[in-house]
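The values are calculated or read from the model by the stated rules, or taken from the named source; none is laboratory data. Being a predicted model, the structure only gives us computed values, none of them experimental. Ideal geometry is used to build each Cβ from the backbone, glycine not excepted, and the neighbour counts take in all protein chains shown. Note: accessible area is taken over every heavy atom of the protein model, side chains too, but ligands, DNA and RNA are not part of it. Shrake-Rupley method; radii C 1.70, N 1.55, O 1.52, S 1.80 Å.
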Amino acid sequence: MLNNKTMGTTVQNDTLKTMQKTAAQRKISGSEALMMALVAEGVDTIFGYPGGAIMPVYDALYDYRDKLNHILVRHEQGAGHAAEGYARISGKVGVCLVTSGPGATNLITPIADALMDSVPMVCIVGQVAKALLGTDAFQEADIMGMTMPITKWNYQVTSADEIPEIIAKAFYIAKSGRPGPVLIDVTKNAQFEQLTNEFINVKCNSVRGYRPKSNYTYEQVEKAAELINAAKKPFLFIGQGILISKAENEVRELVEKTGIPVASTLHGLSAFPASHPQYVGMLGMHGNYGPNLLTNEADVIIAIGMRFDDRVTGDLKRYAKQAKVIHIEVDPAEIDKNVKTAVSINADAKEALQVLLPLVRKNDHSQWHAKFNECYQQEIEKVIQNEIYPTQGGMRMGEVINMISEKSKGQAALVADVGQHQMMAARYYKFAHTNSFISSGGLGTMGFALPAAFGAKVAAPEREVIAVIGDGCFQMTIQELGTIAQNKLPVKIVILNNNFLGMVRQWQEMFFDNRYSFVELQNPDFIKISEGFGVKAKKITEREELDSAVEEMLASEVPYLLEVVVEKEANVFPMVATGASVDEVRLQ
Amino acid sequence: MEKLYTISVFTENNIGLLNRLTIIFTRRRINIESLTVSETEKKGISRFTIVVKCTEDMSRKLVQQINKVIEVLIAYAYDADNMIFSEVAIYKVNIEDPAKLTPIINLANEHGARVMYMEPGFTALEKTGTIEDLMSFYDLLKPFGLLEFVHSGRIAIHKQRIPAHELYHAEELTEYEQVLN
Ligand SMILES: Cc1ncc(C[n+]2csc(CCOP(=O)(O)OP(=O)(O)O)c2C)c(N)n1
Ligand SMILES: [Mg+2]
């Protein structure tokens, strides 16, 4: 293979000529160049769905089946979420491949989801030939225009020669800095055309004007350390940035070295062991009581790799006003966006923590910890006890999750959909392994979990992957059972069936006077559907069956669906109602 | 407090970039007062000058979001005190009555406007200046009968001594970002 340097000076003129000749003889199409570029980026899996405008690429893929494992989904949305699941569990870039027009528009939801949740993803999308652009040709859609606000970067390739460089750039942008989705729109002529020269394996390590690297001074870190060392009631918040930068050990060191209590955002879950004595729980609307309440008592808040989403802060005007906030964050646009900082460090979490660690010292925060414990005792009494060890009524979502947590010893990866079941999964699974909570947080996309779960399983076959899905969500991407069956992906699927769009029902109960407006579902027979797709399934309705059913599910070596019929009208608590302050968190 | 901010954006000259930048404003319901785009003296690098009315906090957030766009080399915002800026206007004035020609030409000379074009019936005058200058000249011409009036968006440079090319060439813009923002 030619490389730029040898092309430059050392190669004799005639050698170069023969090389170019053989290149011309090899006649590499844009499609094959795309395959080679993907392989060069270390891609091993593609989630996709073929169609007219991407057929040359699928034809090239036929010769690359041994290098690129293509998983045929049942809907392009499934491809997108599967790529997200793949990326979230592994930190690698998820790749999807779809056709133009409807194939591309079906990807819009997962792309928006990936931007919100900082998921590295490269979407390769077919497009009509360059000559037909703008003519309303069959299956032409302005996907560039449509995805501009929801991609980190997008680009339309109109000639084969651009492919190697653009693909390298796409992967670099998707995974560097704050990760995000990149869309590459490839016109059909670029797929067919031959490259003018031989394929050159380009590596992209920088893009002019794009500066994903840390940008802070040592003085800022010193100032942060001073605040931390002097704090009486310091409180550490960790977000997904910890997982992305693989800073779990550094966070643990910081926590143990300083004695500070630590809470996690929804996406930060599993970055810190839930059983650790200094772990006080989850922040946010349905987070734990203490972390919400005491946010408004802390004197110093250290927030790392999180973005103060409104579901975390509640009413911003009454959020942590008494606290000096230290924000460590890789995306400069997040700093001072929602919460004004006393010290900001625009840096990758791991890097910043490594600089910070030697500067902090241990303090006694036992009284401060005692406050968290007090709050936790109240929460146990008023909420948790009845949720995980109920003595009457139908099964509770919390008890199901708790059972799964115990039986899997906190080692499984949970992929939760969106709704009450999601909050219950986040609250009651005791994460003991990193990268183990995958859910749609920013966009709250119902239907995320089933495809994301098999995507995660493909990336981490050695992990136990359990999808926790509501009866409503399940019916948004239920067809992906077909993908799971065809590819024999042994994910475990738990349907928490309350016959309701439960989360919406809870809001209608609490804030709309019990007026249940279109939230009750007449559900199909999930077991028959599952079996129809070839996925083993079981339904339980009684508490006595739960223990053995979970065991059976976990023991299964094939994909397995467990439907658990739960209490219809149970609510998720604690809760910080919309517009309320975090210290108005309600236990009931 | 809301006031006018001029945001200067240096970018790669890519298709679609205008759209990528404007959606940052529309999404936050910020109206663009004026927008000028042209290639800089350096081939392949464009300069956008965008004028918006907003709070200082919002101007900073807009700049941060603009800087996130991959093709943006650098962006910064300044209020009027820290910018040198100008606009150009063209006035199409009625001269069907030839007696009016002399007073119009005199007025133009007094106010530093230039006759660009003339034919029986109308003349076109050109003037540069701030929007206030341009509008007060508009008021003076109005009694003569204005057939058409157009003014450009603002173009602006900041009052720092940093050469612009150093800004968008630098690998590490850290120091400049701190000076500029
Ligand atoms: C695509 C989409 N549509 C609508 C919503 C609004 N929504 C949020 S949670 C929810 C109910 C989910 O129902 P289900 O899957 O049964 O979960 P449950 O809350 O009952 O556990 C709805 C409709 C959403 N988040 N996503
Ligand atoms: Mg439900």
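Okay, here's what the table says:
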{"item": "222 nm mean residue ellipticity, helices alone, for chain A (DSSP H n ≥ 4; -39,500 (n - 2.57); rounded to 500)", "result": "-10500 deg cm²/dmol"}
{"item": "Gap separating the Cα centres of region A:402-443 and region A:42-89, nearest whole Å", "result": "27 Å"}
{"item": "Region A:218-371 shape via C-alpha gyration tensor axes, a/c threshold 1.5", "result": "rounded"}
{"item": "Reachable lysines, given that their alpha-carbon falls under 16 Å from the alpha-carbon of A:Lys538 and they are not under 8 places away in the same chain", "result": "A:Lys492, A:Lys528"}
{"item": "For A:Val325, residues with placed amide H under 5 Å, excluding near neighbours", "result": "A:Ile301, A:Ala342, A:Val343"}
{"item": "Restraint check, A:Lys188/B:Lys43; A:Lys175/A:Lys371; A:Lys233/B:Lys53, Cα-Cα greater than 32 Å", "result": "A:Lys175/A:Lys371; A:Lys233/B:Lys53"}
{"item": "With Cα atoms, 0 to 90° folded angle of helix A:218-230 axis to chain A main axis", "result": "20 degrees"}
{"item": "For region A:218-371: relative contact order, % (alpha-carbon pairs under 8 angstrom, 6 or more apart)", "result": "31 percent"}
{"item": "Cut-off of 10 Å, at most 12 other beta carbons, DSSP loop: longest stretch of chain B lacking such trypsin sites (Lys or Arg not before Pro)", "result": "B:44-158"}
{"item": "Long-range HN-HN contacts of A:Tyr516 with modeled amide H, under 5 Å", "result": "none"}
{"item": "Computed magnitude of the charge dipole of region B:6-145 (debye, nearest 20; Cβ of K, R +1, Cβ of D, E -1)", "result": "680 debye"}
{"item": "Pairwise centroid distance, computed over Cα atoms, of region A:158-211 with region B:4-21, Å", "result": "22 Å"}
{"item": "Region A:468-551: trypsin sites (Lys or Arg not before Pro) in DSSP loop, at most 16 other beta carbons within 10 Å", "result": "A:Lys488, A:Arg515"}
{"item": "Derived scalar couplings ³J(HN,Hα) [region A:43-59; Karplus, 6.51 cos²θ - 1.76 cosθ + 1.60; whole Hz; x for Gly, Pro]", "result": "6, 10, 9, 10, 9, x, 7, x, x, x, 7, 10, 4, x, 5, 5, 5"}
{"item": "For region A:218-371, share of DSSP beta bridges that run antiparallel, in % to the nearest 5", "result": "0 percent"}
{"item": "Over 30 Å (Cα to Cα) - which of A:Lys27/A:Lys169; A:Lys213/A:Lys317; A:Lys257/A:Lys430 fall in this group", "result": "A:Lys213/A:Lys317"}
{"item": "Sequence-separation-based contact order of chain A, relative, with Cα cut under 8 Å and 6+ spacing, percent", "result": "14 percent"}
{"item": "Computed helical MRE - 222 nm, chain B, DSSP H runs ≥ 4 contributing -39500 (n - 2.57), nearest 500", "result": "-9500 deg cm²/dmol"}
{"item": "Cβ-based net charge around A:Asp336, under 14 Å, with every Lys or Arg adding one and every Asp or Glu removing one", "result": "+1"}
{"item": "Residues in region A:321-340 that a label on B:Arg28 would reach, taking backbone N under 19 Å of a point 7 Å out along Cα→Cβ", "result": "A:330-340"}
{"item": "Within the protein assembly as shown, percent of DSSP bridges classed antiparallel, to nearest 5", "result": "45 percent"}
{"item": "For A:Thr45, distant residues with modelled amide H under 5 Å away", "result": "A:Asn69"}
{"item": "Net charge of Cβ neighbours under 13 Å - reference A:Ala555; Lys, Arg +1; Asp, Glu -1", "result": "-1"}
{"item": "Size of electric dipole in chain A: Cβ of Lys, Arg +1 and of Asp, Glu -1, about Cα centre, debye, nearest 20", "result": "1240 debye"}
{"item": "A:Ala131/B:Arg114 FRET efficiency (R0 56 Å; Cβ-Cβ; nearest 0.05)", "result": "0.80"}
{"item": "Contact order normalised by residue count of chain B, Cα under 8 Å, 6+ apart, percent", "result": "25 percent"}
{"item": "Accessible-area value, B:Leu140, 1.4 Å probe, nucleic acids and ligands omitted, Å²", "result": "70 Å²"}
{"item": "Cα centre as origin, Lys/Arg/Asp/Glu Cβ charges: region B:86-151 dipole, Debye", "result": "100 debye"}
{"item": "Gyration tensor verdict on chain A (Cα atoms; rounded if a/c is under 1.5, prolate if a/b is larger than b/c, oblate otherwise)", "result": "oblate"}
{"item": "Partner chain coverage, peptide B:12-20 - average Cβ within 10 angstrom", "result": "3"}
{"item": "Residues in region A:402-429 that a label on A:Glu551 would reach, taking backbone N under 20 Å of a point 7 Å out along Cα→Cβ", "result": "A:402-412"}
{"item": "Rounded Å value of the spacing that divides the Cα centres of region A:512-545 and region B:74-98", "result": "66 Å"}
{"item": "All-pairs alpha carbon distance profile, region A:394-566, 5 Å steps from 0, percent", "result": "1, 9, 19, 23, 22, 15, 6, 3, 1, 0"}
{"item": "Antiparallel DSSP beta bridges within region A:165-306, as percent of all bridges there, nearest 5", "result": "10 percent"}
